[in-house]
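In what follows, a single structure is set out as structure tokens and then discussed.
The values are calculated or read from the model by the stated rules, or taken from the named source; none is laboratory data. Everything numeric in this text was worked out from a predicted model, so none of it was measured. Don't worry about glycine lacking a Cβ; one is built from the backbone with ideal geometry, like all the others, and counts go over all protein chains shown.
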Amino acid sequence: LVHVTVVVRDYEPADEESWLRCRLLSFLHTAYFDDVWTAKPPCPAPGVELVAANGATVVGVIDVQIAGEVALIDTVAVDPDHQRLGIGTALFNAGREQAAAAGALTIEAWTRDDEATLHWYRSHGFVESDQYLHVYANYYVDAGEPDRAVAGRRPGLRPMMLFLHAPLERENELRKDFTRIHICRRFSRPI
Ligand SMILES: CC(C)(COP(=O)(O)OP(=O)(O)OC[C@H]1O[C@@H](n2cnc3c(N)ncnc32)[C@H](O)[C@@H]1OP(=O)(O)O)[C@@H](O)C(=O)NCCC(=O)NCCS
């Protein structure tokens, strides 16, 4: 039996494949299940890129972009086999400290409607402010959805899948016409 400790450290380019797998598995049963990336997006300086690593395997990730006094959590994800062990909290605390040291006063995140994630943000002091809708119109879910989403067609092009933004006030009306709608929320807290 080999005991390996999970450590929080800076992301390194050699982590990329393991980083992508960790993020993908973490999102598997969430509202972001089909938000698939095949390359890690850059998080330019002074942004914070941290991983929780079990040996060479990435089991948790956090990227925090910093623009002046506002830090934005781009990605936070913990591999399902390692969730609820405090890894997300350790990544958040380390990311928050580094972002504060870089001058950020507020930290924000946008997320959809997974109860566990909402609970996690709230229990870490985040308060919800803006809300708007993420609407999917998918022919393969309901053949009429794309035509209910777009009025006109470019000749020869048939819309099959669309992703749309809409104001929250239209939620009841849009839920009648579209199967998949998420409320996207901004969470923020003083850093
Ligand atoms: C949200 C997430 C990053 C939290 O990381 P974590 O290491 O699991 O969280 P921690 O161990 O630090 O904190 C645990 C707390 O998070 C919440 N939580 C995390 N996973 C949960 C689950 N599956 N069910 C219910 N609550 C959960 C609970 O409040 C839990 O506290 P509790 O165990 O005392 O009830 C992680 O669960 C995750 O990757 N989720 C899926 C991906 C995602 O939604 N990312 C955010 C997209 S914006």
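Within region 69-89, residues that are under 19 Å from Tyr32 (Cα atoms) sit with their Cβ atoms under 6 Å from residues that are more than 7 Å from the ligand (Cβ to nearest atom) and of a type in the set (Asp, Glu), at 6+ positions apart or across chains, in these pairs: Leu72/Glu108; Asp74/Asp63; Thr75/Asp63. Among the residues of region 161-169, is any in contact with a helix residue (DSSP H, G or I) (Cβ under 7 Å, 6 or more places away or on another chain), modelled with pLDDT of 95 or more, more than 16 Å from the ligand (Cβ to nearest atom) and in a helix (DSSP H, G or I)? Looking through region 161-169, none of the residues is in contact with a helix residue (DSSP H, G or I) (Cβ under 7 Å, 6 or more places away or on another chain), modelled with pLDDT of 95 or more, more than 16 Å from the ligand (Cβ to nearest atom) and in a helix (DSSP H, G or I). Of the residues making up region 120-140, just one is surrounded by 13 or more Cβ atoms within 10 Å (Cβ to Cβ), more than 16 Å from the ligand (Cβ to nearest atom) and assigned to a loop (DSSP other than H, G, I, E, B), namely Tyr139. If I filter region 20-55 down to residues being surrounded by fewer than 17 Cβ atoms within 10 Å (Cβ to Cβ) and of a type in the set (A, V, I, L, M, F, W, C), which single residue comes out as farthest from the ligand (Cβ to nearest atom)? Taking the candidates together, the pick is Ala45. The requirement of being among the aliphatic types (A, V, I, L, M) and within 30 Å of Thr179 (Cβ to Cβ) is satisfied by Val150.
Hey, does region 72-79 have a residue that's farther than 10 Å from Ile191 by Cα, within 6 Å of the ligand (Cβ to nearest atom), in a loop (DSSP other than H, G, I, E, B) and within 15 Å of the chain's Cα centre (by Cα)? No, the conditions are met nowhere in region 72-79. Looking across Ala100, Ala104, one residue alone is assigned to a loop (DSSP other than H, G, I, E, B), touching a residue at least 60 places away in the same chain (Cβ under 8 Å) and away from the ligand (no atom under 14 Å from the Cβ). It is Ala104.
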